[in-house]
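Structure, as structure tokens:
Every read-out reported here was derived from the displayed coordinates using simple, explicitly stated rules and does not represent laboratory data. Please read these numbers as outputs of a predicted model, since none were measured by experiment. For neighbour counting, all protein chains shown are included, and Cβ atoms are generated from backbone atoms with ideal geometry for every residue, glycine included.
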Amino acid sequence: MLLGPRVHIRTPDDALWRSAFPGGLGASAFSCPAFQRLSHQLEPEWQLRMLVVDDLEQHLPVLGRRDRFGRWQLRVVPTGYDVMPIERARLGQAELDLWMRALCTPRITHFIWWLPSWHVQGLRIEPQQHLTSGVEVGLHETYVIRLDGTAEAHLERSVSSTMRRYVRRNDKAGVTVVARPDAAQVEAYVEIYERSFRENAWVGEPFPRHFFHVVANEFGRGGELAVVLHEGRVIGGGVLMYDHASMHYFQGAIDRTVKDVNPHVALYWYALQTAEARGLAHVDLGGINDGNEGLARFKTSWGAEATPSPMLTFRSGARFALDAARARMPPLPWRRARPESMP
């Protein structure tokens, strides 16, 4: 191909997903049709699209929108979490290079792709020379537990004595975690979530009530809303999403008026046990807002390590597009180096 591999921007095909993954869960729940539709509802000005590249049988779900010249802005959904091509759980070097060459085209003005650290181990993520002016490689820090062995073994070996004591205290107090909450329990969690969002000044916009009901009822093995109960009352909860290798915890919120038990501890302990039951190697606890050292200490007390995950950002410009096209083209026959003796 004269100008390199071509990326095709298509309407998503739910039938393709169902045929590839009849059990409902593919490489990542974040790339499943239900989550894509939810993301579209949150930002209706973006369109659901599926990317396919020449010579690859992989598909990458994105949100996209066109500018007034018909060019595309694209971003992987959601921008902060693990979304992989649905046909595979991990990229190879040649595949990553092919994706980047295909995406860096004048047709696409902007593209963001987060890659979890365990998917790029051993890969070169630096852009090729002719992409340097258009692709930036940044790092987003997230806290990841590497689960080697059982959850109980990790608790005893890698979790602080304070957290272990809180786990035992929760058990004695009858604290439980419900993986499939009913509608009333979801509503009770949403009230805690919305209050926490306001009081703690979380970054961004809160997820709507509808989002949590869909996660609780429509994601099957791909994700769940786990709520914490004490004496029949909802005192916290969080969203857990799954892919082939990992669990991702986010949107966790607790009732801070509760003092005699520890809802966050119950959620983390449940996450570890569920990861073990699914045979997952990583529990991704997410990042923290700048300056929130207390939350950082809480996550590291569970044996989580601050782990950089790369973010690839592509921005196109007229000069970059011309330079990239020239770099991809074979040298023309009349473009031969002149002898040094010639003027």
For 266-272, 9-15, ranked highest to lowest by mean beta-carbon neighbours within 10 Å, the order is 266-272, 9-15
Scaled radius of gyration (Cα, divided by 2.2 N^0.38 Å) that the stretch 148-280 gives:
1.04
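At a 10 angstrom cut-off on C-beta neighbours, averaged per residue, how do the peptides 213-223, 234-244 rank from highest to lowest? Before the final figure, lay out each step's value.
Details: 213-223: 18.7, 234-244: 24.3.
The densest-packed peptide leads the list: 234-244, 213-223.
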Counting sequence-distant residues (5 or more places) and residues on other chains, those with an amide H built under 5 Å from that of residue 123 are none
Please report, in debye to the nearest 20, how large the charge dipole of the stretch 148-280 is about its Cα centre when each Lys and Arg carries +1 at its beta carbon and each Asp and Glu carries -1 there.
400 debye
Of 91-99, 139-147, ordering from highest average Cβ density within 10 Å down gives 139-147, 91-99
Please list, in chain and number order, the residues 5+ apart from residue 147 or on another chain whose amide H is under 5 Å from its amide H, with Hs placed from the backbone.
282, 283
Which ³J(HN,Hα) values in Hz, rounded to whole numbers, follow from the phi angles of the stretch 40-56 under the Karplus curve 6.51 cos²θ - 1.76 cosθ + 1.60, where θ = phi - 60° and Gly and Pro get x?
5, 5, 6, 9, x, 6, 8, 10, 6, 9, 10, 9, 10, 10, 3, 6, 10
HN-Hα J in Hz across the stretch 251-258 - Karplus 6.51, -1.76, 1.60, θ = phi - 60°, x for Gly and Pro
6, x, 8, 9, 7, 6, 7, 7
What residues qualify as long-range amide H neighbours of residue 255, i.e. H under 5 Å apart, gap of 5 or more or another chain, H built at 1.01 Å from N?
236
In whole Hz and in residue order, list the ³J(HN,Hα) couplings for the stretch 200-205 that follow from phi through the Karplus curve 6.51 cos²θ - 1.76 cosθ + 1.60, θ = phi - 60°; x for Gly and Pro.
9, 6, 5, 6, x, 10
